[in-house]
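Read through the structure below, which is laid out as C-alpha cells, and then see the notes.
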Amino acid sequence: MKVNTIIFFILFLISNNGYTQHLNRKALLGIHMIPLEDTTRNKLNYHKDYGIYIPLVINGATFQVMGIGEGTILEKLNGKKIKTPRDVIDVMQNVTKGDAIEAVVFEKGISSIYKGNAIGKPLEEHAYSNVEYSSVNYKDNNLRSILYLPHGIKQPPVVFFLLGYTCQTIEMNFDNPAKQLIDHWIKEGFAVYLVEKPGIGDSDSKLPCIDIDFNQELQGFSEAYATLRRNTKIDTSQIFLFGHSMGGVIAPLLAKEYPPKGILVYGVIGKNWYDYMQDMYIEQPLLFGNSEAQIANDNVFTLPFIEDLLKKRKPLEEILTSPVYGEFLKEEGIYNDLSNGYYIHRHIKFWQTLTDVDIPNAWSKVKSPVCVLHGEYDIQAIHPKYGEMIVTNVNTHGGTATFRLFSKSEHAFLKFNSRDELMSSMNNGSYISKFSTNFNQEIATYSLEWMKSINMINK
C-alpha cells in the first residue's frame, strides 16, 4: 500500500544562491519532458542508456530561442547526462536569467551541441490587478513574494494564501485551480499575497525547501506575515489567512503571532500529525479500494514504521535494516528515498518537527473568526471529521468557527461527478487535464461571501 500524493507539475525553474536583496528571475527552459520508452528509442534510432524525450518546446523560452526543436532527445545539459526530469531540475537549481546554457540534443540521427543564455521567466501580467514582485529577507533567506493589488481600489483587504506541504512555486498557470480561486478573490476587490518557500522559484536560500524542517518553513511564512502587516498599500486591519492543506496547520500558528481579520482553511486536519499518519495508513486506503484484510496486513509493517520514524526517531540505518520491515520498504518504493533522508517528498526532519506541533492546542487559542471548508471527495484530508474537530475546538475555547462541506469536491478545489470518476482520472493520468474544466466555483463564491460578511463586522 503506497502513500498516495498528488504531484503538481511545474516547469523546471529554480533559484540562485547568494543572499542579496535583489532577486534574479529563474531560468525558463520551456520544455515538456517524457522518460524515454523503447518505442521512442526505436522510432528515433537512439540507443544510448540516457536521455529524455522532448515532445514540446514553448515559444520564447530558452530552448526555443537556442534553436532546439520538439520531438528531440535531450542527452546532456550543462555537461550532465540526463536520464530523468529530476536530473534537469538538479542542473537548473542554480541557473538564472542570462546564465550560460549548453545542451546536447539528439535529432535527425545525430547528436548536436547548442549553446546560449537562459531566458528568465516573464513577469505576470494580470487582467484585474497590478502584480508586485518583492521579497522577504531574513537570515540565510531572501524569499520571493507576490502581491496582487486589484485595480481601482485603495488599500484593499488582503488574503494571505498559505500553500500546502509540497515544494511547489507560487507562480501558477492560469488554469491551476488554486490560481482560479485567487482570481475570483481579486475580481471582487481583495488583494492576494503569496510567498515562495525557501529555495523555490526566485527565492535565494541557503537550504532548499526539500531539506528544511517544519519550523524553518513556518519561519518563512511568519517573516512574510510580518512584512505584509507593514505594507501600506493594503488595509492591514483586514488581513485574511487562507490555509490550503498543510497551510491549514500554518494558519493558527500565525494567528498566535498576530490575530487576522479571519481564517479560512480547506482540506485540513484537526488532530496532531502522528495521529493523522495512522489514519492515512488505516482509513485512506479504504478510499482507494483496498480491503480491510489487505490494510491490516500492510499495517503490520507501516504502523511500526511510522512510530519508529516519527515518535521514537530511530536512526535511519536501524530503520532501513530492521527485520520488522524485511523487504517491505523496498517493495513500497520507500527505501531509496529514506536512505537519503527523505520521506513523502520532504526531509524526514520536516515530518519529525511537524510531529512536535500541538495542532489542537494551536486552534484552541484562535479568537479570530474561522471558516473550515472541506470537499466531500477529499482523499488527502480523508474525512470531514477533521474540519469538524477544528470547529468544535475553536468554539469550545471561546472562539467562533463554522464548517462548510462542498459536495463532490476534492483536495485541489476540483469537482467530479462521482468519487469513481475522480479515482479514474488519478489512475489514468488525466487528472491534471481537469484543472481547466473542473474548478468548483462554489468554493470561490462561498469564501468571498464569508470574508465580506466578516469585513462588515467591527469595520
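The values are calculated or read from the model by the stated rules, or taken from the named source; none is laboratory data. Keep in mind the model is a prediction, meaning the values are calculated, not measured. Methodologically, a virtual Cβ is constructed for each residue, glycine included, from the backbone with ideal geometry; neighbour enumeration extends over all protein chains shown.
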Filtering the stretch 150-169 down to residues that are surrounded by fewer than 22 Cβ atoms within 10 Å (Cβ to Cβ) and among the aliphatic types (A, V, I, L, M) yields ILE153
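Of all residues in the stretch 92-111 being surrounded by fewer than 14 Cβ atoms within 10 Å (Cβ to Cβ) and touching a strand residue (DSSP E or B) at 6+ places or on another chain (Cβ under 8 Å), which is farthest from LYS80 (Cα to Cα)?
GLY98
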Identity of the residue in the stretch 112-149, farther than 24 Å from TYR225 by Cα and β-branched (Val, Ile, Thr), that ends up surrounded by the most Cβ atoms within 10 Å (Cβ to Cβ): ILE119
Condition check for SER447: in the same structural domain as ASP183 (by TED's automatic domain parsing), in contact (Cβ under 8 Å) with a residue 60 or more places away in the chain and in contact with a strand residue (DSSP E or B) (Cβ under 6 Å, 6 or more places away or on another chain): yes
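When you scan the stretch 418-459, how many residues do you find that are under 17 Å from VAL158 (Cα atoms), in a helix (DSSP H, G or I) and of a type outside the set (A, V, I, L, M)?
Residues flagged as under 17 Å from VAL158 (Cα atoms), in a helix (DSSP H, G or I) and of a type outside the set (A, V, I, L, M) within the stretch 418-459 amount to 8.
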Answer with yes or no whether LYS80 is surrounded by 15 or more Cβ atoms within 10 Å (Cβ to Cβ), of a type in the set (Lys, Arg) and not assigned by TED's automatic domain parsing to the domain that holds LYS179. no
Consider the stretch 364-417. How many of its residues are free of Cβ contacts under 8 Å to residues at least 40 places away in the same chain, part of a loop (DSSP other than H, G, I, E, B) and of a type in the set (Phe, Trp, Tyr)? 1
What single numbered condition from (1) in contact with a Lys or Arg (Cβ under 8 Å, 6 or more places away or on another chain); (2) over 21 Å from MET277 (Cα atoms); (3) among the aromatic types (Phe, Trp, Tyr) fails to hold for TYR377? (2)
Does the stretch 33-51 contain any residue that is aliphatic (A, V, I, L, M), touching an Asp or Glu at 6+ places or on another chain (Cβ under 9 Å) and either closer than 21 Å to GLY199 by Cβ or assigned to a loop (DSSP other than H, G, I, E, B) (or both)? no
Which residue is surrounded by the fewest Cβ atoms within 10 Å (Cβ to Cβ), if the candidates are limited to the stretch 264-309 and must be small (Gly, Ala, Ser) and under 24 Å from the mean Cα position of the chain (by Cα)? GLY270
Kindly provide the set of residues from the stretch 60-88 that are free of Cβ contacts under 8 Å to residues at least 40 places away in the same chain and closer than 18 Å to GLU107 by Cβ, ordered by number. GLN64, GLY69, GLU70, GLY71, THR72, ILE73, GLU75, LYS76, LEU77, LYS81, ILE82
Would you pick out the residues in the stretch 122-140 that are closer than 20 Å to ILE234 by Cα and hydroxyl-bearing (Ser, Thr, Tyr)? TYR128, SER129, TYR133, SER134, SER135
When you check VAL65 against the structure, is it outside any loop (DSSP other than H, G, I, E, B), under 30 Å from PHE190 (Cα atoms) and among the hydrophobic types (A, V, I, L, M, F, W, C), yes or no? no
In the stretch 180-211, what residues are surrounded by 20 or more Cβ atoms within 10 Å (Cβ to Cβ), in contact with a strand residue (DSSP E or B) (Cβ under 7 Å, 6 or more places away or on another chain) and assigned to a loop (DSSP other than H, G, I, E, B)? PHE190, GLU196, PRO198, GLY199, GLY201, ASP202, SER203
Residues in the stretch 52-62 that are in a loop (DSSP other than H, G, I, E, B), surrounded by fewer than 20 Cβ atoms within 10 Å (Cβ to Cβ) and within 26 Å of the chain's Cα centre (by Cα): how many? 1
Residues of the stretch 182-204 satisfying the condition of being on the phi > 0 side of the Ramachandran plot and under 15 Å from the mean Cα position of the chain (by Cα): GLY199, GLY201
Considering residues of the stretch 55-89 that are of a type in the set (S, T, N, Q) and modelled with pLDDT of 95 or more only, the residue nearest to ILE113 (Cα to Cα): ASN78
